[in-house]
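Visitor: Right, I'll just put the structure down here and ask away after.
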Amino acid sequence: MSIPETPLGTLDKNLPSPLYYQLQCAVRNAIDVGHWQAGEQLPNESQLAENFGVSKITVRQALRELADLGYVRREQGRGTFVSKPKLEQGPRELTGFTEEMRRRRMTATSRVLEQREAPADTRVASALELRAGEPVFVLKRLRMADGEALGIQTAHVPAGLASGLVNENFEHASLYEVLQTRYGLQAARARESHFAALAEPAAADLLGIASGSPVLAAERVTFLPAGKPLEYVESVMRGDRYSIVLDLVGNRTPQARREGATR
């Protein structure tokens, strides 16, 4: 198994950056340029240490940070493997999971874990601007792309907006598509918040990850054109397969802000 050199040729002990960081960059570069493909096993710690002239402790620290960043996964007793690229999630059009995967040329499938009508608890009622106890349609699904479990999503829709949803087959159908084509309900905008969490045992088992693994949790309220809430969704997505990417812009100068205000 060949070891690529860093962009500098070799690790340089005279540089201010630590050796573990230089090694981390070398491995990341090799993955980015395709030297190692997703699922491929990396050389073991001894091989990396020998080829780069560093200690196993240095190698171990570099691999640990690469695992934290999602570039590799470490399997006890087996070794270190290149992780699949993360699905970037950032500013985008308001779409459901099915359409999002379709645009990535991936096949979205779902396993329905729960499908029923239930009284809205205080939290759900507040998000949907309902009274506590009003009926909502609850749809909890394991979301998969190309057969791989990526997340768990639980959607809540006011039952009064779309009666009969409980009888739909959501193993293959998109909730957004059903709401639009059969009920004439068009999602116009959404407010979404993200936060880091640790996978609880039940969710971890469904996602095929270790309990306590980092996950990306989210809450989203989707609104109709008139501003009435259409849906409240709670999501738990695998931290090793999802990342959030934001495009940030610098502050405009005071003069530019004044000019923009007068246009």
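The values are calculated or read from the model by the stated rules, or taken from the named source; none is laboratory data. If you're wondering where the values come from, they're calculated on a predicted model, not measured in any experiment. Every residue, glycine as well, gets a Cβ built from its backbone with ideal geometry; the counts of neighbours run over all protein chains shown.
Visitor: Counting only residues that are modelled with pLDDT of 75 or more, among the polar types (S, T, N, Q) and outside the structural domain of ARG189 (by TED's automatic domain parsing), give me the strands (runs of 3 or more DSSP E) lying completely in region 1-110 with at least 2 of them.
Guide: On the way: elements: 72-75, 79-82, 87-89.
Those strands (runs of 3 or more DSSP E) do not exist here; none qualify.
Visitor: Being within 21 Å of the chain's Cα centre (by Cα) and under 18 Å from LEU128 (Cα atoms) narrows it down to one of LEU185, LEU175, LEU207, LEU165, so name that one.
Guide: Numbers: LEU185 fails: within 21 Å of the chain's Cα centre (by Cα); LEU207 fails: under 18 Å from LEU128 (Cα atoms); LEU165 fails: within 21 Å of the chain's Cα centre (by Cα).
The conditions single out LEU175.
Visitor: With the condition kept exactly as written, say whether any residue in region 141-150 is in a loop (DSSP other than H, G, I, E, B) and in contact with a Ser or Thr (Cβ under 6 Å, 6 or more places away or on another chain). Spell out the reasoning first.
Guide: Filtering region 141-150 for residues in a loop (DSSP other than H, G, I, E, B) gives 146-147.
Filter once more, so that each one left must be in contact with a Ser or Thr (Cβ under 6 Å, 6 or more places away or on another chain): 146.
Within region 141-150 (the criterion being in a loop (DSSP other than H, G, I, E, B) and in contact with a Ser or Thr (Cβ under 6 Å, 6 or more places away or on another chain)), the answer is yes, since at least one residue qualifies.
Visitor: Take region 160-196 and flag every residue that is of a type in the set (A, V, I, L, M, F, W, C) and closer than 16 Å to ARG141 by Cα.
Guide: Quick first cut of region 160-196, residues of a type in the set (A, V, I, L, M, F, W, C) only: 161-162, 165-166, 170, 173, 175, 178-179, 185, 187-188, 190, 195-196.
Matches in region 160-196: LEU165, VAL166, PHE170, ALA173, LEU175, VAL178.
Visitor: Being among the aliphatic types (A, V, I, L, M), part of a loop (DSSP other than H, G, I, E, B) and at negative phi is true for just one of ALA173, ALA197. Which residue is that?
Guide: Details: ALA197 fails: part of a loop (DSSP other than H, G, I, E, B).
Just a single option satisfies the conditions, and that option is ALA173.
Visitor: Something else about it: Test LEU161 against the stated conditions and say whether it is touching a His at 6+ places or on another chain (Cβ under 9 Å) and either of a type in the set (D, E, K, R) or under 14 Å from LEU224 (Cβ atoms) (or both).
Guide: Values: touching a His at 6+ places or on another chain (Cβ under 9 Å): no; either of a type in the set (D, E, K, R) or under 14 Å from LEU224 (Cβ atoms) (or both): yes.
When the stated conditions are applied, LEU161 does not pass them.
Visitor: Quick check on region 146-171: of everything there that is out of contact with any helix residue (DSSP H, G or I) (no Cβ under 9 Å at 6 or more places or on another chain) and of a type outside the set (Gly, Ala, Ser), which residue is surrounded by the most Cβ atoms within 10 Å (Cβ to Cβ)?
Guide: By that ranking, first place goes to THR154.
Visitor: Okay, next question. In the set PRO214, PRO254, which member is at pLDDT below 55 and either of a type outside the set (A, V, I, L, M, F, W, C) or under 24 Å from VAL138 (Cβ atoms) (or both)?
Guide: On the way: PRO214 fails: at pLDDT below 55.
Just a single option satisfies the conditions, and that option is PRO254.
Visitor: Would you confirm whether or not region 206-219 contains a residue that is out of contact with any Cys (no Cβ under 9 Å at 6 or more places or on another chain) and assigned to a helix (DSSP H, G or I)? Break it down into steps so the answer makes sense when it comes.
Guide: Quick first cut of region 206-219, residues out of contact with any Cys (no Cβ under 9 Å at 6 or more places or on another chain) only: 206-219.
Checking the rest, the ones that are also assigned to a helix (DSSP H, G or I) come to 206-207.
Yes, some residue in region 206-219 is out of contact with any Cys (no Cβ under 9 Å at 6 or more places or on another chain) and assigned to a helix (DSSP H, G or I).
Visitor: Can you pull out the residues in region 111-132 that are of a type outside the set (Lys, Arg) and in a strand (DSSP E or B)? Reasoning before the result, please.
Guide: We begin by selecting, within region 111-132, every residue of a type outside the set (Lys, Arg); these are 112-115, 117-122, 124-130, 132.
VAL112, LEU113, GLU114, GLN115, GLU117, ALA118, PRO119, listed by residue number.
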